[in-house]
Structures are given as structure tokens and as C-alpha cells.
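Here's the structure, in C-alpha cells; my notes come after.
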Amino acid sequence: MSKTATGLAVTSALAVGGLLLAAVTSQAGAAGTALKTLAEAKGIYFGTALTQSNLSNSTITAIAGAQFDMVTPGNEMKWDTTEPSNGSYNFGPGDAIVSFAQSHNMRVRGHNLVWHSQLPGWVSSLPSNQVQGAMEAHITTEATHYKGKVYAWDVVNEPFNEDGSLRADAFSNAMGSGYIADALRTAHAADPNAKLYLNDYNIEGQNAKSDGMYKLVSQLKAQGVPIDGVGLESHFIVGQVPSSMRANMQRFTALGLDVAVTELDDRMQTPASSANLAQQATDYAAVVSNCLAVSHCVGVSQWGVGDADSWIPGAFPGQGAATMYDNNYQPKPAYNATATALGGSTTTTTTTTPPPPPNSTCTVTDSVNAWNTGLTESITITNTGTAPINGWSLAFTLAGGQTITSAWNASISPASGQVTAKNVDYNGSVAPGGSVSFGFQATHTGDTAAPGDFTLNGTRC
Ligand code: G2I
């Protein structure tokens with residue numbers, strides 16, 4: 001995948017109804033822009049993991065939909081869920097994640113087809129001469145079910161020991177190291193368009209384990225086995241992002257493979273100190289910069305949306321605070337550092353004036369001033385027609401995750417989504433050439449974009 005910069009800033013002068021107006025389109029890459037938008041402008045994706053229970057938490061889904069463009073099911077596509085007993089499949093939970101992703105224009109990383117963990121007991125209890133058949137049937141059935149719906153599969157997950165040797169599990173015990181090539185070929189036959197990955201942790205830097213992965217994928221490539229990428233899980237401890245991460249990614253991409261950061265988090269002792277949160281910001285920025293610097297690093301996914309839904313406190317008691325959003329889903333310094341590393345910034349003023357359609361009788365300018373979790377927006381309507389306006393009603397759509405908390409010089413309802421601002425009793429009349437201004441304060445979940453389209457009394461401005 002090639003990375004292309006598509007940040008845009010267009011300034012033009014338009015003569016409308018005898019007035020000279022400056023029109024400035026909003027800037028992709030400008031302040032407060034969603035992570036996915038910033039990432040896409042750099043040619044990568046920014047993803048998150050979601051579990052089925054996350055889907056009933058509207059705070060989590062609002063952030064997921066606004067900020068991320070790739071979803072990895074946290075557990076719902078694993079073998080213990082999808083084939084709990086031999087030959088009986090359950091795709092309901094995975095389907096729920098896929099449908100959330102599809103309705104939010106997000107892609108899906110399938111996770112995973114073959115893994116020693118979250119493996120139902122019946123597989124481990126099979127006589128070894130039946131494991132290959134069970135593995136191939138599982139891969140074929142699941143990859144066929146999701147054919148065309150997943151961007152990539154983690155075909156084999158976590159196959160290595162820390163010393164770079166192959167992990168002993170039901171699959172390697174029954175089939176030797178050849179199970180990996182067999183799994184990849186089987187997945188490719190079922191869904192030839194999905195990118196096929198091997199995924200593991202502690203392979204982010206150059207070390208014995210990543211050497212093991214490097215050796216294996218070199219052989220697979222040389223043998224023509226269908227493999228497209230290596231996933232670097234990236235479950236880090238604060239301050240410990242390996243300095244060799246970029247070079248390590250580059251040696252994999254030099255083989256003709258993609259790499260992806262698949263499960264990023266960065267844990268620390270809780271409660272989090274501000275020094276650790278600052279270090280975490282540095283760490284996130286380093287990871288994102290590494291991906292941007294490597295031409296076939298296709299994207300970064302965080303493992304979970306926020307600290308409150310992260311796996312870390314459950315697995316490492318006393319540790320946590322590992323994601324970009326705190327326990328109340330407020331963005332942390334790591335969020336700002338990530339946005340900045342992706343080319344954005346988080347506090348600024350954006351002025352948007354879409355060019356009015358021909359013969360329009362109105363123009364609207366708006367400016368947003370955003371900070372971490374809130375914004376104010378000021379809107380000015382100008383009557384560019386020849387008739388006075390007596391009573392106005394301005395319709396526009398708020399960016400996802402924005403909720404109005406107060407307004408001035410207008411009454412606005414509802415508080416989010418498609419809203420209508422109506423004049424109050426003292427400012428309903430606007431003479432030709434005259435203007436009226438109003439504004440509001442809102443909370444946001446990361447997308448601070450201004451509305452791009454305004455309709456005044458039923459006519460687009
Ligand atoms: O362990 C972190 C990740 C490491 N790489 C592979 C990922 O698939 C893995 O994800 C985690 C999930 O986030 C956890 O949610 O995998 C864990 C299991 O290996 C998941 O934890 C399990 C709990 O251990 C179970 O007790 C629980 O029933 O989640 C299950 C479903 O909620």
C-alpha cells in the first residue's frame with residue numbers, strides 16, 4: 001500500500017451578489033480531526049478492537065465510529081466462540097461486530113483462525129491424525145463465512161516461543177511446523193482476496209522471537225506460500241517501545257510483506273502518574289511514526305477503545321491505563337500525541353465557508369474552537385438576497401460524537417445529529433446585506449469538524 005498525502009487547503013475569492021467573500025475549506029489534517037481521517041490522509045488505517053459487549057455501550061461505540069476505521073473482534077472470531085464443538089459453528093457474535101463495522105464504514109481484521117489459546121477442549125483432545133482435518137475444516141468454514149467481509153485474517157496467531165522456536169500446541173504437535181503453510185493455503189483457498197497474516201507479540205523489536213518469525217516468513221515467501229503480512233501486536237510497557245522497531249518492520253517489508261501494528265496498548269502501574277502518561281504519549285507517537293516511516297506498514301490498531309474496556313487490568317493486576325482514553329473515555333495525552341504524529345493538532349480554530357450554490361440568497365461562515373473534549377462554534381448567516389429575512393431556521397448536521405450543551409442567540413434542537421437553529425425573539429429579522437450571529441458549546445469525542453452544509457428556511461446556503 002502506498003501512502004499518499006491528501007491534506008488539502010483551498011482558498012479562493014468568490015464574488016457573490018456584489019460582495020467579495022473569502023472561502024476556506026476545512027483542512028484534512030487540521031486540528032481536532034478524527035484519528036481515522038488523519039491516518040487515511042497518510043495512507044494508513046487506525047483501528048480498534050471491539051467485543052460484542054462493547055457494542056451495547058454507546059460511549060464506546062460513539063468513539064469507535066468517530067475515531068477508527070478498522071475493527072478487530074476482541075474474542076468473537078476465535079475458535080472457542082466460532083466452533084465450540086466439532087462441526088457446530090456459531091458466527092452470531094462475529095457477525096455482530098462485522099455489521100457494526102459495515103454500518104460505520106470500517107473494515108475488519110479477522111482475528112483469528114488458528115491459535116493455541118481460546119481453543120475449545122475438543123480440538124486438543126483429538127487424536128493427532130485428526131487435527132489437520134479439523135483445522136482445515138475450521139479455517140475453510142470460517143473464512144468462507146466471512147469471505148469478502150474481512151480485510152485481513154490473522155491466520156495463525158502467536159506461533160512462537162520467546163526464544164524463536166515454534167510453540168508446542170495441538171497443531172505443531174500433530175503436524176510439525178508445516179501446519180502454518182497448510183493453514184495459510186487453506187485460508188487463501190477460502191477467501192483469495194483477504195490479506196493473510198501471522199500475528200505475534202514481543203516481535204516488535206529485533207530479538208530472538210522476531211528472528212524466528214523472520215526466518216519462517218522468509219521460507220514461506222520463498223516457497224510461494226500465500227502470506228501477505230506480519231502483525232506486530234505491540235502490547236507495550238510504558239517506556240519500553242523497542243528502538244529497533246522501525247528497522248524490524250523494514251526487514252519484514254523488504255521481503256515483500258505488509259506489516260501492521262495490530263493490538264497496541266502501553267501499560268503502567270495504576271493509578272497512572274502524569275510522568276507515565278507523558279511517557280505513554282511519547283510511546284504512542286513513536287509507534288505511529290514508525291508505521292508512517294515504513295512504506296508497507298498498512299495501519300495501527302489499538303487493543304480496545306479505552307482504559308475501562310482494556311484487557312490489561314484483568315490480566316495484570318495493579319496495571320492499566322494502557323490506551324488513549326481514560327476510564328471515563330476522555331482522551332489522554334497519548335491521544336493528542338497520536339493525532340500530532342499523524343499530522344494533526346488538537347487545539348485550534350477552523351473556519352469553514354463552503355462556496356454557496358449559484359443564486360443563493362445566503363452565506364454562512366462558521367468557526368470552531370476545540371479543546372480535548374469540548375468545542376465552541378460561532379455561526380454567522382448573511383442575507384445575500386434582495387428581500388429581508390423575517391424569521392430564520394438554519395438546518396445543519398453535527399459531526400458524530402458532538403452534543404450541544406448550550407447555545408446563544410438561537411434555540412437549537414435536537415442536541416446532536418441533524419439539528420435546526422431557530423432565531424430567538426430579538427434576532428429574527430435580517431435585512432438584505434445584513435448578518436446575524438449565534439453559537440453553541442458542545443462536547444465531542446474527537447471529531448471536531450464544523451458542519452459543511454447549511455440550509456436556511458429550506459434553501460441551501
Ligand atoms: O491477551 C491479549 C491479546 C493478546 N493477543 C491475542 C488477543 O486475542 C488477546 O486478546 C485477549 C482478549 O482481549 C481478552 O478478552 O485474549 C484474552 C484471552 O486470551 C481475552 O480474555 C478472555 C478471558 O481470559 C476469559 O476469561 C474470557 O472468558 O476473554 C474471555 C471472553 O471475555
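Counting Cα-Cα pairs of the range 123-219 in 10 Å increments starting at 0 gives whole-percent bin shares of 16, 44, 34, 6.
Would you work out if the chain is rounded, prolate or oblate? Take a ≥ b ≥ c from the square roots of the eigenvalues of the alpha-carbon gyration tensor; rounded if a/c is under 1.5, else prolate when a/b is larger than b/c, oblate otherwise.
Details: a/c = 2.38, a/b = 2.23, b/c = 1.07.
Prolate, since a/c reaches 1.5 and a/b exceeds b/c.
The mean sequence separation of alpha-carbon pairs under 8 Å and at least six residues apart, normalised by the residue count of the chain, gives a relative contact order of 15 percent. Placing +1 on the Cβ of every Lys and Arg and -1 on the Cβ of every Asp and Glu, with no other charges, gives the chain a dipole of roughly 920 debye about its Cα centre.
With angles folded into 0 to 90 degrees, how steeply does helix 178-190 sit against the dominant principal axis of the chain? Use alpha carbons for both and round to 10. Orientation of helix 178-190: about 40 degrees from the principal axis.
I want to make sure I understand the PRE zone here: with the label point 7 angstrom from the Cα of GLN269 toward its beta carbon, which residues in the range 280-318 have backbone N atoms less than 15 Å away? Output list for this probe position: 317-318.
Based only on Cα atoms, what mean projected area does the convex hull of the range 229-370 have, in nm²?
Working: hull surface 47.0 nm².
Convex hull of Cα atoms, orientation-averaged projection: 11.7 nm².
Among the listed pairs LYS42/LYS209; LYS78/LYS147; LYS209/LYS332, those with a Cα-Cα distance over 22 Å are LYS42/LYS209; LYS209/LYS332. Please determine, in degrees from 0 to 90 and to the nearest 10, the orientation of helix 208-222 with respect to the longest principal axis defined by the Cα atoms of the chain, where the helix direction is its Cα long axis. With both axes taken from Cα atoms, the answer is about 90 degrees.
Probe of 1.4 angstrom, ligands and nucleic acids ignored: what's the accessible area per residue over the chain, in square angstrom?
Working: 17820 Å² over 461 residues.
Result: 39 Å² per residue.
For the range 376-461, the Kirkwood hydrodynamic radius from C-alpha pairs, put into Stokes-Einstein at 4 °C and a viscosity of 1.567 mPa s, yields a diffusion coefficient of 98 µm² per second.
Expressed as a whole percentage, what fraction of the accessible surface of the chain belongs to carbon and sulfur atoms when a 1.4 Å probe is rolled over the protein heavy atoms? That fraction is 50 percent. Taking a sphere under 11 Å around the Cβ of ALA399 and counting the other residues whose Cβ falls inside, with K and R at +1 and D and E at -1, yields a net charge of -2. The length gained by stretching the chain between LYS147 and ASN457 to full extension, at 0.36 nm per residue less their Cα-Cα distance, is 106.9 nm. Placing dummy labels 7 Å off each Cα toward the beta-carbon, the span from THR443 to LEU277 is 1.7 nm. Proximity of backbone amide H atoms, modeled 1.01 Å from N, is registered between GLY299 and TYR45, VAL261 at under 5 Å, excluding neighbours fewer than 5 places apart on the same chain. Give me the angle, in degrees from 0 to 90, between the Cα long axis of helix 58-67 and the longest principal axis of the Cα atoms of the chain, rounded to the nearest 10. That works out to roughly 90 degrees. The simple spin-label model puts a point 7 Å past each Cα toward its Cβ; for ASN90 and ASN390 those points are separated by 6.7 nm. Taking 0.36 nm per residue of separation and subtracting the current Cα-Cα distance, fully stretching the chain between SER125 and THR376 would add 84.3 nm. With contributions of -39500 (n - 2.57) from each DSSP H run of at least four residues, the per-residue ellipticity at 222 nm computed over the chain stands at -8000 deg cm²/dmol.
The values are calculated or read from the model by the stated rules, or taken from the named source; none is laboratory data. Since this is a predicted model, take the numbers as computed values, not measurements. Neighbour counts run over all protein chains shown; Cβ positions are idealised from the backbone, glycine included. Please note that ligands, DNA and RNA were not included when accessible areas were found on the heavy atoms of the full protein model with its side chains. Shrake-Rupley method; radii C 1.70, N 1.55, O 1.52, S 1.80 Å.
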